[in-house]
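Engineer: Would you mind keeping the following structure in view while I ask a few things?
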Amino acid sequence: MQISFNNRTLDLTTPAVMGILNVTPDSFSDGGKFIDKNAAFNHAVQMVKDGADIIDIGGESTRPGAAFVSADEEASRVLPIVKKIAANLDVMISIDTSRPEIITECAAAGAHIWNDIRALTKEHAVECAAKLQIPVCLMHMQGTPATMQNNPTYKNVVEEVKTFLLNRIDLCVKAGIKAGNIILDPGFGFGKTVDDNYLLLKHLDKLCALPFPVLSALSRKSMLGAILNEPEAKLRDNASISGAVISVMKGAKIVRVHNVKATKEAILIADKVLKTN
Ligand code: 7PJ
């Protein structure tokens with residue numbers, strides 16, 4: 001498995017680390033720290049040194065109750081850092097956005113992956129991805145970021161997440177998106193109870209059995225805090241690394257994390273276990 005765009009290829013025969021770079025003032029674990037363009041760039045440089053294969057840039061906070069961000073504001077947050085990373089670092093760039101106009105500008109500025117927590121459900125998103133031929137990550141979410149944690153309900157969360165993603169794949173492929181450009185994500189924490197999240201993690205191999213790379217993003221999330229009884233997101237890194245290792249053992253090809261160095265080292269060992277005969 002590999003993904004390619006804008007003259008860059010990511011080989012997924014070894015699992016990849018996606019380092020999180022939030023450029024929002026209100027993101028829950030590192031919000032505000034990387035608003036300054038130089039600080040954001042320096043953090044990206046460090047993550048690349050630490051072994052990041054992808055830098056995921058997000059300009060819209062999706063935490064419940066987060067303020068609305070206009071497209072102009074989102075563009076002004078992400079575009080300068082996309083340009084600076086594309087010009088200076090040997091790394092893939094993904095953009096955590098749901099807006100076609102943002103990804104179009106970012107792709108022209110050198111980005112490589114459209115990471116959409118709304119799975120291309122905004123108007124014109126599917127057509128835009130088909131036109132750009134950019135790799136896309138389709139994530140499952142129940143509800144909307146504002147209300148998703150109010151009362152998430154499933155009969156069978158593992159099956160429902162898989163069915164949702166299969167339906168999105170079908171629609172995307174019919175609209176002209178290449179199957180080889182699709183990445184899947186169960187969406188840990190997006191409209192799920194703690195136990196829903198652990199069922200999804202326990203059965204992540206079922207999603208990984210589909211012929212698409214799976215991205216697992218549970219770094220610092222509240223599903224970890226719930227077990228540790230740790231309200232401070234930054235103090236959940238050991239649990240995050242454990243989650244990344246479990247994900248890779250179950251077949252995930254990309255892990256989206258805050259702590260790149262520790263995660264990279266940990267999943268290299270998991271990958272060696274998987275590949276040893
Ligand atoms: C996810 C994401 C996720 C993907 C965020 C946070 C919230 N992108 N962006 N999957 N979560 N693909 O990091 O806690 O789960 S923002």
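Engineer: Determine by what factor the alpha-carbon radius of gyration of the chain differs from 2.2 N^0.38 Å, reporting the quotient.
Structural biologist: The value comes to 0.92.
Engineer: Still on this structure, please answer the following. Counting only other residues whose beta carbon sits under 13 Å from that of Pro186, what net charge do I get with K and R as +1, D and E as -1?
Structural biologist: +3
Engineer: Name the long-range amide H neighbours of Arg220: under 5 Å, sequence gap of 5 or more, or other chain; modelled H, no Pro or chain starts.
Structural biologist: Close amide H contacts, sequence-distant or interchain: Ser240.
Engineer: 222 nm [θ] for the chain, helices only, -39500 (n - 2.57) per DSSP H run of 4+, per residue, to 500?
Structural biologist: Rounded to the nearest 500, it is -13000 deg cm²/dmol.
Engineer: Counting pairs of alpha carbon atoms under 8 Å apart in space and at least six apart in sequence, what relative contact order in percent does the stretch 2-275 give?
Structural biologist: 19 percent
Engineer: How many percent of the accessible area of the stretch 2-275 is carbon or sulfur, using a 1.4 Å probe?
Structural biologist: 53 percent
Engineer: In sequence order, what are the phi-derived ³J(HN,Hα) couplings for the stretch 58-74 according to the Karplus relation 6.51 cos²θ - 1.76 cosθ + 1.60 with θ = phi - 60°, rounded to whole Hz, with x for glycine and proline?
Structural biologist: With coefficients 6.51, -1.76 and 1.60, one gets x, x, 10, 6, 10, 5, x, x, 5, 5, 5, 10, 6, 4, 5, 5, 4 Hz.
Engineer: Between the stretch 51-121 and the stretch 181-210, how many Å separate their Cα centres?
Structural biologist: Going from one Cα centre to the other spans 23 Å.
Engineer: Note down the Stokes-Einstein diffusion coefficient of the stretch 22-171 in µm²/s, whole number, using a Kirkwood radius over alpha carbon pairs, 20 °C, and 1.002 mPa s.
Structural biologist: D = 132 µm²/s.
Engineer: Now a separate question. Could you work out which residue, out of Ile227, Ile102, Ile241, moves most in a Gaussian network model of the chain, that is, has the largest mean-square fluctuation with Cα springs under 10 Å?
Structural biologist: Result: Ile227 has the largest fluctuation of those listed.
Engineer: Still on this model: For Glu230, enumerate residues with amide H under 5 Å from its amide H, sequence gap 5+ or separate chain, H modeled in the peptide plane.
Structural biologist: Here nothing satisfies the definition.
Engineer: So, in Å, what gap is there between the alpha-carbon centers of the stretch 127-146 and the stretch 237-264?
Structural biologist: Computed from Cα coordinates, the inter-centre distance equals 23 Å.
Engineer: Cut-off 10 angstrom, C-alpha nodes, Gaussian network model of the chain. Which of Asn197, Asn22, Asn167 fluctuates the most?
Structural biologist: Asn167
The values are calculated or read from the model by the stated rules, or taken from the named source; none is laboratory data. Only a predicted model underlies this, so the values are computations on that prediction, with no experimental measurement involved. Note that each Cβ is placed from the backbone with ideal geometry, even for glycine, and that neighbours are counted across all protein chains shown. Only protein heavy atoms, including side chains, enter the accessible area calculation; ligands, DNA and RNA are left aside. Shrake-Rupley method; radii C 1.70, N 1.55, O 1.52, S 1.80 Å.
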